[in-house]
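Engineer: Mind looking over this structure? Questions follow.
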Amino acid sequence: MFEAGGDWQLARFKRDPANAGQVMDRGLWRYTRHPNYFGDFCVWWGFYLMALAAGAWWSIFGPLMMSFLLLRFSGVRLLERDIGERRPAYVEYVRRTNAFFPGPRKD
């Protein structure tokens, strides 16, 4: 729900011409800059917990790899590498909004 909800909110935001050039900072995007990535992270860890309950402790490698990819390689880091240059308002959004794990804003 977190991943789909974030994607749905962003799609609605982008459809509105009044939001052109603005940074989405409402809904789930108020608490994390990447609710869709965080939701994907939760899905992988949820699958691991189900597998663990069945005795498949070794299945931890899947969520560990996805966590690494989302946090350090292809997800957050790749997306945010140059977005501040393209969208100056994003710099302020980064200052006050958690990157990955949802939490209160730093207003």
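The values are calculated or read from the model by the stated rules, or taken from the named source; none is laboratory data. Values in this document were obtained by computation on a predicted structure and should not be read as measured data. We place every Cβ from the backbone using ideal geometry, glycine too, and count neighbours over all the protein chains shown. Each accessible area value is taken on the protein alone, full model and side chains, heavy atoms only, with ligands, DNA and RNA left out. Shrake-Rupley method; radii C 1.70, N 1.55, O 1.52, S 1.80 Å.
Engineer: ³J(HN,Hα) across the stretch 82-93 via Karplus (A = 6.51, B = -1.76, C = 1.60, θ = phi - 60°), whole Hz, x for Gly/Pro?
Structural biologist: Values per residue, Gly and Pro as x: 10, 5, x, 6, 7, 9, x, 5, 5, 4, 5, 4 Hz.
Engineer: What relative contact order, as a whole-number percentage, does the stretch 1-59 give when Cα pairs under 8 Å and 6 or more residues apart are counted? Provide the component values of the computation, followed by the final result.
Structural biologist: Values: 36 pairs, mean separation 23.4, N = 59.
Relative contact order here is 40 percent.
Engineer: Do any trypsin sites (Lys or Arg not before Pro) in the stretch 1-98 lie in a DSSP loop with no more than 14 other beta carbon atoms within 10 Å, and if so, which?
Structural biologist: Answer in residue order: Arg26, Arg81.
Engineer: So, one more: Hey, any idea what % of the chain's accessible area is carbon plus sulfur with a 1.4 Å probe?
Structural biologist: 66 percent
Engineer: I'm a student and want to see the number: the projected area of the Cα convex hull of the stretch 52-102, averaged over all directions, in nm².
Structural biologist: Result: a mean projected hull area of 4.4 nm².
Engineer: Moving to a separate point now. At Val43 and Arg12, where each label point lies 7 Å from the Cα along Cα→Cβ, what is the point-to-point distance in nanometres?
Structural biologist: Here the modelled spin labels are 2.1 nm apart.
Engineer: Also, I was wondering about something else. Which of (1) 15.1, 49; (2) 15.6, 52; (3) 14.1, 41 is the computed Rg and Dmax of the Cα atoms in Å for the structure on display?
Structural biologist: Here Rg and Dmax of the Cα atoms in Å agrees with entry (2).
Engineer: Follow-up question, since we're still on this one. Pairs of alpha-carbon atoms within less than 8 angstrom and 6+ residues apart define the contacts here; what relative contact order does the chain have, in percent?
Structural biologist: 33 percent.
Engineer: Determine the gain in length on full extension of the stretch Glu92-Ser59; use 0.36 nm per residue of separation and subtract their C-alpha separation, reporting nm with one decimal. Display every interim value, and only then the final one.
Structural biologist: Details: separation 33, 0.36 × 33 = 11.88 nm, distance 3.89 nm.
Separation in residues times 0.36 nm, less the Cα-Cα distance, equals 8.0 nm.
Engineer: Over the chain, with the other protein chains present, what is the accessible area per residue in square angstrom, probe 1.4 angstrom? Write out the running numbers ahead of the final one.
Structural biologist: Details: 6980 Å² over 107 residues.
Per-residue accessible area for the chain comes out at 65 Å².
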